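Trainee: Please see the structure below; I have some questions.
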Amino acid sequence: QVQLVESGGGLVQAGDSLRLSCAASGRTAGTYVRGWFRQAPGKEREFVAYINWSGDTDYTDSVKGRFTISRDNAKNTVYLQMNSLKPEDTGVYYCATGTTAGAILTASPNYWGQGTQVTVSS
């Protein structure tokens, strides 16, 4: 089992920045790919970004140039730096982990975190 705990959410104004963290614990040997998703009220959960063990990344188009995903393998922690936040970035942000990028991109990871709320006011 792997436990994922997100932190760093909050209420900010449009244009502000936030950094989310997701710490993994337990049997972390297979957490090769780490990802972030978000779910806005009344909408389906959507992919935001992923990073693999080597540091390769991918982002959904709406956050490219504003969000940066990174990881500290020694700490089993992944980060999501979110800059120039917009009201449409509001939602619950979930981290996830899987053994392949495909598992993340298809929203089929092995484990999910509980989520952290991000609210961006206009």
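The values are calculated or read from the model by the stated rules, or taken from the named source; none is laboratory data. It should be emphasised that the depicted structure is a prediction, and the values quoted were computed from it without experimental measurement. For accessibility, only protein heavy atoms count, side chains too; no ligands or nucleic acids. Shrake-Rupley method; radii C 1.70, N 1.55, O 1.52, S 1.80 Å.
Trainee: Using each residue's phi in the range 101-111, evaluate 6.51 cos²θ - 1.76 cosθ + 1.60 at θ = phi - 60° and report the 3J(HN,Hα) Karplus result to the nearest Hz, with x for Gly and Pro.
Mentor: With coefficients 6.51, -1.76 and 1.60, one gets 5, x, 5, 6, 5, 9, 6, 10, x, 6, 9 Hz.
Trainee: What ³J(HN,Hα) values, in whole Hz, does the Karplus curve 6.51 cos²θ - 1.76 cosθ + 1.60 give for the range 54-69 when θ = phi - 60°, with x put for Gly and Pro?
Mentor: 7, x, 5, 10, 8, 9, 6, 4, 5, 10, 4, x, 10, 9, 9, 9
Trainee: Also: Please state the relative contact order of the range 10-122 as a whole percent: Cα pairs under 8 Å, 6+ residues apart?
Mentor: Answer for the range 10-122 is 36 percent.
Trainee: Percent of accessible area on the chain owned by carbon and sulfur, 1.4 Å probe?
Mentor: 46
Trainee: I'd like the distance between the alpha-carbon centres of the range 13-47 and the range 49-69, rounded to an integer number of Å.
Mentor: Centre-to-centre distance over Cα atoms comes out at 11 Å.
Trainee: Counting only heavy atoms of protein chains, what accessible area per residue, in Å², does the chain have with a probe of 1.4 Å?
Mentor: Value for the chain: 50 Å² per residue.
Trainee: Sequence-distant or interchain residues sharing an amide H contact under 5 Å with Y32, placed H: which?
Mentor: G98
Trainee: Between rounded, prolate and oblate, where does the chain land on the alpha carbon gyration tensor, with a ≥ b ≥ c its root eigenvalues, rounded for a/c under 1.5, else prolate if a/b exceeds b/c?
Mentor: Prolate, since a/c reaches 1.5 and a/b exceeds b/c.
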